[in-house]
Amino acid sequence: MYKRIISENIQKSLFKGKVIVIYGARQVGKTTLAKQILEEQSKLGKNTQYFNCELLSVKSKLETTNEQNLKDFFGNNDLVVLDESQTISEIGAILKIIADTYPQIQIIATGSSSFDLSSQIGEPLVGRMRMFELFPLSVADMQSKYNKFEIDAKIDNLLRFGSYPGIIDLPENESMTDLESIASGYLYKDILAFENIRNSDIISKLLKLISLQLGSEVSVHELALQLKISSQTVRKYIDLLEKNFIIFSLQAYSGNLRKEVSKSHKIYFYDLGIRNAIINNFNTLDNRTDTGSLWENFCIIERMKHNQQNARIANKYFWRTYQGEEIDYIEEAGGMLFGYEFKYNSDKIKTKKTFLKTYPNSKFELINKNNWSAFF
């Protein structure tokens, strides 16, 4: 059992008149986190209750706008978790009624797909909710169970098998079996239910193509040609995959320097175990050609987790010129630009003279396996 750092941030937001929404991919630990919060709040004297909204008995009770029926269902509880809340029809309107009529009841709603959550609760709960995205385990989360040296020894496995809570401590053969099970269909459950999309084969092929281009710029036009579908459909599927927390994009940074690439983007995975399962490659790092791309993806997603856990707001990009100069990752924060290059083993890299000269308010740093802990 891991202590999630985000738990502290969520609990600081309780009982302040806001519905708490926890959203993220399936299997990242939303239910476990919610139950841990209930347990801790119960120790503080709060009356708590957990409801699985996928159960028909719960759905039938909650799918009502009758204020008294809702109050009777929640009883005298101070804190209630509605797990997989997106399965409840008109959940946004229902949560609005509870928040407005019974503000003393703190609701935590979890959901596994942001497009469901955003469409159902976004507008009704404007000004009435606080949202938290739950990632797979972060390096910082792991420190609740392992020391720095133990985590350092796990880095190679994190690049191969990812950091899903249910995967991270399994033997290799069990990790591969479980990841392949997730990637073979469970991963697409929410997407296939959205807009009656039935062609999981196209989505699988698209994800495989994206997986093989990890760390490289992605051309929607080329993907469309390879899949024999329209560019518009590719963009739609990429958008759904992002909203379902499988992949995320980085746009190219440009300060209007003519020689900068400005309309390109790269695609990365929220979890590398899923990515490796998609291409069926769990080889050790000394027996594969994509270690550099894995390290780049790992560093970027861990940095995203770090920023969230520390309430640090930063815009994120990559940078490249038409002359071939590039920086893997750029953060724009506090009026500064921070450039980072990710090299798994190397401790030497060319100075980014054009970048540093063009942007005097910038810094640049190399992140490798020896200094990663200072980065996230």
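The values are calculated or read from the model by the stated rules, or taken from the named source; none is laboratory data. Because the structure is predicted, anything quoted here is derived from the model rather than measured. Because the Cβ atoms are built from the backbone with ideal geometry, glycine has one as well, and the counts that use them run over all protein chains shown.
Of all residues in the range 1-23, exactly one satisfies the criterion of being surrounded by 22 or more Cβ atoms within 10 Å (Cβ to Cβ) and over 20 Å from the mean Cα position of the chain (by Cα), namely VAL19. If the condition is being in contact (Cβ under 8 Å) with a residue 40 or more places away in the chain and acidic (Asp, Glu), then the range 329-376 contributes only GLU332. ASP156 satisfies every condition listed in (1) touching a residue at least 40 places away in the same chain (Cβ under 8 Å); (2) within 21 Å of ARG26 (Cβ to Cβ); (3) among the acidic types (Asp, Glu) except (2). Of the residues making up the range 196-218, those that are of a type in the set (Gly, Ala, Ser), modelled with pLDDT under 95 and in contact with a Phe, Trp or Tyr (Cβ under 9 Å, 6 or more places away or on another chain) number 3. Taking each residue of the range 1-23 that is closer than 12 Å to ILE37 by Cα and looking for partners that are acidic (Asp, Glu) and modelled with pLDDT of 95 or more with beta-carbon atoms closer than 9 Å, six or more apart or interchain, yields LYS3/ASP141; ARG4/ASP141; ILE5/ASP141; ILE6/ASP141; SER7/GLU40; GLN11/GLU40. Scanning the range 301-308 turns up no residue that is of a type in the set (Asp, Glu), within 22 Å of the chain's Cα centre (by Cα) and either loosely packed, with under 14 Cβ neighbours inside 10 Å or assigned to a loop (DSSP other than H, G, I, E, B) (or both).
Could you pull out the residue among ASN361, ASN297 that is surrounded by 14 or more Cβ atoms within 10 Å (Cβ to Cβ) and either within 21 Å of the chain's Cα centre (by Cα) or not charged (D, E, K, R) (or both)? That would be ASN297, the only listed residue that is surrounded by 14 or more Cβ atoms within 10 Å (Cβ to Cβ) and either within 21 Å of the chain's Cα centre (by Cα) or not charged (D, E, K, R) (or both).
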